[in-house]
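Written out below as structure tokens is the structure these notes cover.
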Amino acid sequence: MQGILASLDRRWRRSDAALAPCHWKTCLFLTANIVLLSALLFDWPVGAALKSLSPTIRFFGGMLTDFGDSGWIIIVSAFLFFEGWAASRLLRSPRCRGRALRICQIGGYLLTTIVLSGLLANMLKRAIGRARPTHFADWGPFGFSPFNGRASFESFPSGHATTIGALFVALALLFPRYRYIFIACALWLGITRVMVGAHYPSDVIAGLALGGWFSFMTAIVYSRYGILFRINAAGLPTPRWPLLKRGMFQGLRLPRRQRMLNQITE
């Protein structure tokens, strides 16, 4: 354990890349206002209309909404992490070991973002205690009972939406070529929580924002340690995969090839 911590400390000290200013105050201000506006403009009419929602829409939402359940994502992420770690120790080919290590790092990154963002969302929703749309007739969209202890008073932010936001922003960072597809998937899957009557629109928006920002900030931390991500010319985290692309080790003698792989996997 001491060796791992010492290695991480060396990585942090070795990194001198300048990060782009996150303008977190501006982003927090905009996010808070978007959530507030959605609560004022959309939560009341949506809550009132949920009982008369089309069965087709409810069926469609119910069919997709469990995708945001963090359980299966955690299991898959843990599988990738441990399988990649074991393969990176057992395989002999430097190229195969590098690919296995990359899979291990992806699993670790997804595991970190999903678990930690989910824990944060659960703590917030219990502390805030917002009534779910099932209590709309009695409490309306602005009914709160902090630390109530019942799931029906844990609406804000949406835990499913937090998981969805964290997962798809993480995928957008890992596979930037498909980022627009991932963002669209996050929006559609997040809104299914409204379709099934489990959350108000502001719950979903807050959850998506929370999970998305958590993945982004985690990628910045990983890049500072030189794991999976690097800081690009704009000062933003981007995948380090070009270091492992096909042909990188061709033409190198084995000792130097092994030294380069060791530098990558250190």
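The values are calculated or read from the model by the stated rules, or taken from the named source; none is laboratory data. Quick caveat: nothing in here was measured; it's all calculated off a predicted structure. No Cβ is skipped: glycine too gets one built from the backbone with ideal geometry, and neighbour counts run over all protein chains shown.
What to note about this one:
- Evaluation of Ile220 against (1) loosely packed, with under 15 Cβ neighbours inside 10 Å; (2) part of a helix (DSSP H, G or I); (3) modelled with pLDDT under 90 (one fails), failing number: (1)
- Single residue of region 84-102 satisfying the filter (in a helix (DSSP H, G or I) and farther than 26 Å from Thr238 by Cβ) that is modelled with the highest pLDDT: Ala86
- Note on region 38-62: residues that are part of a helix (DSSP H, G or I) and either under 22 Å from the mean Cα position of the chain (by Cα) or not hydrophobic (A, V, I, L, M, F, W, C) (or both) amount to 11.
- Selection count, region 176-190, where residues are touching a residue at least 60 places away in the same chain (Cβ under 8 Å) and either aliphatic (A, V, I, L, M) or over 25 Å from Arg132 (Cα atoms) (or both): 2
- Tabulated pairs, region 149-164, first closer than 22 Å to Val115 by Cβ, second part of a loop (DSSP other than H, G, I, E, B), C-beta under 6 angstrom, 6+ apart or interchain: Ser155/Arg132; Ser155/His199; Ser158/His199
- Flag if Thr134 is in contact with a helix residue (DSSP H, G or I) (Cβ under 9 Å, 6 or more places away or on another chain), buried (at least 16 other Cβ atoms within 10 Å of the Cβ), of a type in the set (Val, Ile, Thr) and closer than 30 Å to Ala151 by Cβ: no
- All told, Phe249 falls short of being surrounded by 13 or more Cβ atoms within 10 Å (Cβ to Cβ), out of contact with any Asp or Glu (no Cβ under 8 Å at 6 or more places or on another chain) and at pLDDT 85 or above.
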